[in-house]
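Data block below; observations after.
Every number here is computed from the coordinates shown, using simple stated rules; none is lab data. Just so it is clear, the structure is predicted and the values come from calculations on it, not from any experiment. Glycine also receives a Cβ, built like all others from the backbone with ideal geometry; neighbour counts cover every protein chain displayed.
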Amino acid sequence: MSIAYISHADCGRHDTGWGHPEHVGRLRAIPRALRDDPDLFHAARHVEGRHATVDELLLAHDAAYVAQVRQLAERGGGRLDADTVASEGSWDAATAAAGCVLDGVDMAFDGRATRSFSAVRPPGHHALRDRAMGFCLFGNVAIAAQYARRRHGAERVLIVDWDVHH
């Protein structure tokens with residue numbers, strides 16, 4: 001069993017503020033928690049992921065929405081919906097988050113890993129094709145499913161979304 005632990009330093013650039021439920025502390029807590037299980041932590045292959053391209057984001061999102069997210073970050077940030085905020089670093093964080101997930105897909109298909117865990121933020125499973133939702137700027141999971149189909153010829157993709165809410 002080979003496990004890839006994929007992350008990117010830019011994921012920490014998504015600044016929601018410490019008062020927001022989805023803040024950088026979540027990302028920092030993951031490696032600390034994994035270190036509590038030294039066998040698992042050391043068994044994982046630690047990989048720095050890449051940034052997704054705009055074309056890859058367009059696999060699951062409208063071009064106008066992708067441009068809106070980029071422009072909001074370039075202007076210093078703001079709200080995308082009642083729950084979802086962006087900061088100056090959110091574009092880099094969100095493209096890194098999506099890219100890490102795509103790296104996990106590539107590693108599974110080319111045999112470099114049998115499993116992968118992408119420790120990223122902002123999260124990426126609630127966003128819709130044309131808008132943010134539930135703290136998510138992009139739908140990393142939807143992007144990855146389309147990527148697996150188009151890049152690797154996957155005929156079917158199973159998504160198991162386990163989400164814990166407070």
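Tabulated data
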item	result
Label zone at residue 163 (point 7 Å along Cα-to-Cβ), backbone N below 13 Å, the range 102-142	123-129, 132-142
Segment residue 45-residue 82, extension gain: residue separation times 0.36 nm, minus the distance between their alpha carbons	9.6 nm
Angstrom value of the Kirkwood radius, inverse mean 1/r, which spans all Cα pairs in the range 120-166	11.5 Å
FRET E, pair residue 37, residue 62, Förster distance 45 Å, beta-carbon r, rounded to 0.05	0.65
Length gained when the stretch residue 18-residue 2 is fully extended (0.36 nm per residue, less Cα-Cα span)	2.3 nm
Candidates 119, 43, 144: whichever shows maximal mean-square fluctuation once the chain is modelled as a Gaussian network with Cα springs under 10 Å	43
Gyration tensor (alpha-carbon) shape descriptor, the chain, a/c threshold 1.5	oblate
